[in-house]
Amino acid sequence: MTEPGRDSGASTMVNSPANTTKVGIVGAGAMGTGIAQVAAAAGHSVLLGDATAGAVSRAQANIRSSLDKLVEKGKLDAQRRGMILSRIDFLEEPLGVDVSLYRDCSLVIEAIHEDLAAKQALFATLASVLPATAVLASNTSSLSIASIARACVHPERVIGIHFFNPAPVLPLVEIVPWLGTSPAVVDRTRTLVDSWRKTTVIAADTPGFIVNRVARPYYGEALRIHDEGIADCATIDWAMKELGGFKMGPFELMDFIGNDINFAVTRTMYESSFWEPRYKPSLTQKQLVDAGFFGRKSGRGYYRYDGSAMPAPTTDAALGGRILERVLPLLINEAAEAVLYRVASPADVDLAMMKGVNYPKGLLAWSDELGSSWAFDRLLALQAEYGEDRYRPSALLRRAAAANARLLV
Ligand SMILES: NC(=O)c1ccc[n+]([C@@H]2O[C@H](COP(=O)([O-])OP(=O)(O)OC[C@H]3O[C@@H](n4cnc5c(N)ncnc54)[C@H](O)[C@@H]3O)[C@@H](O)[C@H]2O)c1
């Protein structure tokens, strides 16, 4: 083993987090692999294990090839590549119920599959093996951190550390304390993840945290526009990119994420918010999922990925403007609701959408730029037209419009 962090700026300081924190990762799938790479690159020694035979050697091969690509691009030198790899202890033996190998880790991040009973069982065992000072973190996207923490002794050291995929590339990490996480653990965790050159935001332990919640209308309202026959997928994608400045249109993005995953997230949001109408899933998307049209990975989604030409959009600026003016107010409304219900601070809501899903601007800043009643007026009109609660404006937007006040304060 090399000395931790010799080549990492952060780790050359005496008592820096990289010198003192051994990071354990349980689950060597897509996320655990990426997180192991991030922690090792930040100078930590890392222990990576998985319950399935072969998963850790696949993870090792994936990290190797990811680092090789960085070397090829000149973003990493060969010596540093070797040091990063040597810091990771890849556990060849499949993990069983005995997780005592993790006992000298001061932080363990769980990235096993999204199953509450499995996560609770793992946390209960980890908590009984590790000292009470060790932080236990989950990378869950949709389960409540509280429900995982309640399985543990010393639940005050349990917290969510939610990375985005691919973890080595995407800068955002949502730090999610549950009701009982100790403030010291929140501070320690945030400071540590910040030292990994990630952008951290604090999110309340609520469905979808920040990003997966605030992004829902990007997909849901695009589907409504499509379902009403106002525009086709290619035209909606064109409008959101060309006129809105988004990197990917909603339909190409759903095809990229996978319609099965996107549909499951929406469904979880809808159910776990006790059927909030804003998150109602789309029957169109369900049909695609039922048919196995998952998107890029299955060769067909909203588009076909078989080499045939992509459909051309109708590049009509008036139509495009109507599309943008329907999706953007709903996104702003969702960001306002997240602030109103204290899911996160206004600054963190904006930062999360820019760093987590590459939005061209923070939604609250965007609203301030467009004027205090811009989104509010459009939502009122949609609510009157459709008679649906889905379009009700947030009280925060109503107050801002009445007082001509800014949202990003
Ligand atoms: N994939 C994403 O885009 C993404 C993004 C953010 C968060 N997440 C969350 O991260 C977690 C992992 O997701 P993923 O996409 O990496 O899953 P994955 O299916 O790629 O990997 C999960 C791994 O966990 C292993 N595993 C299952 N039970 C285990 C146990 N008890 N002990 C040890 N290993 C076990 C499996 O063998 C598998 O290798 C989930 O909670 C998911 O919701 C996923």
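The values are calculated or read from the model by the stated rules, or taken from the named source; none is laboratory data. Owing to the predicted nature of the structure, the values given are computational and were not obtained by experimental measurement. Every residue, glycine among them, receives a Cβ derived from its backbone with ideal geometry; neighbour counts consider all protein chains shown. Just the protein is used for accessible areas: all its heavy atoms, side chains included, with ligands, DNA and RNA removed. Shrake-Rupley method; radii C 1.70, N 1.55, O 1.52, S 1.80 Å.
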So Asn358 and Val97, fully extended at 0.36 nm per residue minus their Cα-Cα distance, gain in nm 90.0 nm
Average Cα contact separation per residue, the range 9-202, under 8 Å, 6 or more apart, as relative contact order %: 20
Which listed residue (Cys233, Leu319, Leu363) has the Cα farthest towards the positive end of the charge dipole for the range 212-403, taking +1 on Lys and Arg C-beta and -1 on Asp and Glu C-beta about the Cα centre? Leu363
Tell me whether the range 212-403 comes out rounded, prolate or oblate; compute the Cα gyration tensor, take square roots of the eigenvalues as a ≥ b ≥ c, and use a/c under 1.5 as the rounded threshold. prolate
Using only Cα atoms, find the angle between the long axis of helix 259-272 and the longest principal axis of the chain, and express it within 0 to 90 degrees, rounded to the nearest 10. 90
Express the carbon and sulfur contribution to the solvent-accessible surface of the range 212-403 as a percent, rounded to the nearest whole number, probe 1.4 angstrom. 54
Between helix 374-386 and the chain: long-axis angle, C-alpha atoms, 0 to 90°, nearest 10: 70
So what is the relative contact order of the chain, in percent, for Cα pairs below 8 Å that sit 6 or more residues apart? 11
Evaluate the charge dipole of the chain about its Cα centre and quote only its size in Debye, nearest 20, assuming +1 on the Cβ of each Lys and Arg and -1 on the Cβ of each Asp and Glu. 540
Across bins of 10 angstrom width beginning at 0, how are the C-alpha pair distances of the range 137-242 distributed, in whole percent? 14, 35, 25, 16, 9, 1
How tilted is helix 317-340 with respect to the longest principal axis of the chain? Cα atoms for both, answer in degrees (0 to 90, nearest 10). 50
Using packing as a proxy for protection, rank 156-166, 371-381, 177-187 so that the peptide with the highest average count of other Cβ atoms within 10 Å comes first. 156-166, 371-381, 177-187
Would you kindly state how much longer the chain becomes between Trp275 and Ser308 on full extension, computed as 0.36 nm times their sequence separation minus their alpha carbon distance, in nm to one decimal? 8.0 nm
Over 20 Å (Cα to Cα) among Lys22/Lys355; Lys247/Lys355; Lys69/Lys355 -> Lys22/Lys355; Lys69/Lys355
dims of the chain, Cα set, principal axes, largest to smallest, nearest Å -> 63, 50, 39
What residue among Ala184, Ser298, Ile161 has its Cα farthest toward the positive end of the dipole of the chain, where the charges are +1 on Lys, Arg and -1 on Asp, Glu, each on the Cβ? Ala184
Tell me the label-point distance for the pair Ala117, Asp187, using the 7 Å Cα-to-Cβ offset, in nm and rounded to one decimal. 4.1
Before rounding to the nearest 500, sum -39500 (n - 2.57) across all DSSP H runs of length at least 4 in the chain and divide by the residue total; then give [θ] at 222 nm in deg cm²/dmol. -14000 deg cm²/dmol
Expressed per residue, the solvent accessible area of the range 212-403 in Å² (1.4 Å probe) is about 44
To the nearest 20 debye, what is the magnitude of the charge dipole of the range 212-403 about its Cα centre, counting +1 on the Cβ of each Lys and Arg and -1 on the Cβ of each Asp and Glu? 360
Using a probe of 1.4 angstrom, how much of the accessible area of the range 9-202 is carbon and sulfur, in percent? 56
Where in the range 40-80 are there trypsin sites (Lys or Arg not before Pro) that are in a DSSP coil and have at most 15 other Cβ atoms within 10 angstrom of their Cβ? Lys73, Lys75
What FRET efficiency comes out for the pair Arg398/Leu370, r = Cβ-Cβ distance, R0 = 22 Å, nearest 0.05? 0.85
Roughly what would the spin-label model give for Thr52 and Glu388, points 7 Å off Cα along C-beta, in nm? 3.7
